[in-house]
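Novice: Here it is, the structure, as structure tokens.
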Amino acid sequence: MNNAASLNLADSVFGAEYNEALVHQVVVAYMNGGRAGTKAQKSKAMVAGGGKKPWKQKGTGRARAGSIRSPLWRGGGKTFAAVPRDFSQKVNRKMYRGAMRSIFSELLRRGDLTIAEQFAVSEPKTKAFLSAIDAFGDRDLLIITSEVSRELFLSSRNVPHVALSDVESLNPVALLRHKKVVVTAEAAKKIEGWLA
């Protein structure tokens, strides 16, 4: 195991100042991008029927009514009907990378980021994977490798609170969701090339 200094990683990536406002903005935008936004209801105009006035305006003793599809009636449309929405927010590439640098730097400062020479298991066995992660002292882990092997995926999929990621699919929410982050040396170099 190493730290960023012994691996000669760039301070611009692993030694940046923590910008809480930027990290919050990027995390909220990322999570909003995952929202389906498919909620939909029918308004009075969309509900079938109701073309004819149910009874005449005067003389019946009942309240005046213009349509059986009024929001006041059972089976009528919703007053303020929900429509499908797009919750996505635009985040510039520079802002996104700045937030990722900020998160990595803060994890390293807090001692929650460990850089390992390599992380692999020889066979797809959960027992082998658990013995490998016990060296890190916590089982709430995000493990970042340059490439997720079949053996690593199969041996870790039944372990709670453990997630695997390669550099390409890394995101700010995954980095903040776990107590500890383990990065292989090869993946750390890829991250440095991406965020430098």
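Novice: Counting only helical runs of four or more DSSP H residues, what would the 222 nm mean residue ellipticity of the chain come to if each run contributes -39,500 (n - 2.57) and the total is spread over all its residues?
Specialist: Value at 222 nm, helices only, nearest 500: -10000 deg cm²/dmol.
Novice: So, one more: Please go through the residue pairs Lys39/Lys179; Lys44/Lys90; Lys125/Lys179 and name each one whose alpha carbons sit more than 29 Å apart in this structure.
Specialist: Flagged as over cut-off: Lys39/Lys179; Lys44/Lys90.
Novice: Whole angstrom only: what separates the Cα centroid of segment 10-89 from the Cα centroid of segment 106-160?
Specialist: 42
Novice: Further, regarding this structure: Work out how much length Asn8 to Val28 would gain on full extension: take 0.36 nm times their residue separation and subtract the Cα-Cα distance, in nm to one decimal.
Specialist: That works out to 4.0 nm of additional length.
Novice: Test of understanding: extend the Cα→C-beta vector of Ser70 to 7 Å, then name every residue of segment 7-51 with backbone N under 15 Å from that spot.
Specialist: Residues 44-45, 50-51 fall inside that zone.
Novice: So, one more: Dipole magnitude of the chain about its Cα centre, charges +1 at Lys/Arg Cβ and -1 at Asp/Glu Cβ only, in debye to the nearest 20?
Specialist: So the magnitude is around 2840 debye.
Novice: Can I ask one more? Which loop chymotrypsin sites (Phe, Trp or Tyr not before Pro) in segment 7-55, with loop taken from DSSP, have no more than 15 other Cβ atoms within 10 angstrom of their Cβ?
Specialist: Of the chymotrypsin sites (Phe, Trp or Tyr not before Pro), the ones in loops of segment 7-55 whose Cβ has at most 15 other Cβ atoms within 10 Å are Tyr18, Trp55.
Novice: Percent relative contact order of the chain, based on C-alpha pairs within less than 8 angstrom and at least six residues apart?
Specialist: 26
Novice: Any idea which of Thr79, Ala65, Gln41 is furthest toward the positive side of the dipole for segment 40-83, if Lys and Arg beta-carbons carry +1 and Asp and Glu beta-carbons -1?
Specialist: Farthest towards the positive pole: Ala65.
Novice: Turning to a different aspect of this structure: Give me the number: length gained by fully extending Ala45 to Leu130, i.e. 0.36 nm times residue separation minus the C-alpha to C-alpha distance, one decimal in nm.
Specialist: The Ala45-Leu130 span can extend by a further 24.7 nm.
Novice: Let me ask you something else. Could you tell me what percent of the DSSP beta bridges with both partners in the chain are antiparallel, to the nearest 5?
Specialist: So the antiparallel bridges amount to about 5 percent of the total.
Novice: Turning to a different aspect of this structure: Could you calculate the FRET efficiency of Thr38 with Ala196 from 1/(1 + (r/R0)^6), where r is the beta carbon distance between them and R0 is 45 Å, rounded to 0.05?
Specialist: That pair, Thr38 with Ala196, gives E of 0.70.
Novice: Another one. By how many nm would the segment from Asp140 to Ala21 grow when fully extended, if each residue of separation counts as 0.36 nm and the alpha-carbon distance is taken off?
Specialist: 40.3 nm
Since every read-out is calculated from the coordinates, none of them should be taken as a lab result. Note that the structure is a prediction, hence the values are computed from the model and not measured. Glycine gets a Cβ as well: all are built from the backbone with ideal geometry, and neighbour counts include every protein chain shown.
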